[in-house]
Amino acid sequence: AQKITQTQPGMFVQEKEAVTLDCTYDTSDPSYGLFWYKQPSSGEMIFLIYQGSYDQQNATEGRYSLNFQKARKSANLVISASQLGDSAMYFCAMREGQRGSARQLTFGSGTQLTVLP
Amino acid sequence: EPEVTQTPSHQVTQMGQEVILRCVPISNHLYFYWYRQILGQKVEFLVSFYNNEISEKSEIFDDQFSVERPDGSNFTLKIRSTKLEDSAMYFCASSAGTGRYSGSGNTIYFGEGSWLTVV
């Protein structure tokens, strides 16, 4: 089974609108972290937001927020007030394991977001 | 803001040659990683490194690959006898790795990547 599933290969959003990028995950480990990264066409991997499995509140970072629904095993990224510069590939990723572990990140297949003027 | 730096940004190499990709992780981080992304595909884990030894490695990370932390700042990936299918973007990453899975101490930061083209 896929550990990280992103069901939207491509999304379009109008500039200044909000958009939600879906991510579901699969793990039996009670300790895990969920990450969202942005990859523009230039190729670099930019960290956006992090949610720990023990965090009581949904993570927010500026225009990014994470809609964490633990029982449903979903960690959707919400981008508010989309900008043209938000056009990029977005990856959801998960790391399982105990404190201090150097466990690997497992990535989803990504969602290509295009912001329309 | 501290960042992971990688060199070179792009390298073209002949098949069969050895390549060394270099990384300087964020200075107070304890955990280091290499990932790769073949063009148009998912990001794949290669290896993690902690306390001067490999912590985990994927099935991709075979005898062709090795990692080293030769001094207090650099973290290198060596690819011996490169093959055409090694052409990819290689990302170095690091994390502080503190705390339970709560808070930003576990955030993994990536460098800008090194494009490797094997011809």
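Just so it is clear, none of the values below were taken in a lab; they were calculated from the coordinates. Remember, predicted model here, so these are calculated numbers, not experimental data. Cβ sites come from the backbone with ideal geometry, for glycine too, and all protein chains shown count toward neighbours.
In this structure, the residue pairs whose Cα-Cα separation is over 31 Å, taken from A:Lys16/B:Lys57; A:Lys38/B:Lys83; A:Lys3/B:Lys83; A:Lys70/B:Lys57; A:Lys73/B:Lys78, are A:Lys16/B:Lys57; A:Lys73/B:Lys78. Peptide A:38-44 is shielded by partner chain Cβ atoms: per residue, an average of 4 of them sit within 10 Å of its Cβ. Take the Cα of B:Ile54, step 7 Å toward its Cβ, do the same at B:Met15, and the gap between the two points is 2.5 nm.
Taking every Cα-Cα distance in the protein assembly as shown and sorting them into 5 Å bins from zero, the calculated P(r) comes out as 1, 7, 14, 18, 19, 17, 12, 7, 3, 1, 0 percent. Label-to-label distance, B:Gln41 versus B:Val119, with points set 7 angstrom from Cα along the beta-carbon direction: 2.2 nm.
Shielding by partners for B:58-69, please: the mean number of other protein chain Cβ atoms within 10 Å of each residue's Cβ.
Per residue, the average neighbour count from other chains is 0.
Neighbouring Cβ atoms from other chains, within 10 Å of the Cβ of residues in A:47-54, number 4 on average.
Remark: spin-label model distance B:Arg22-A:Phe12 equals 4.6 nm, labels positioned 7 Å along the Cα→Cβ axis.
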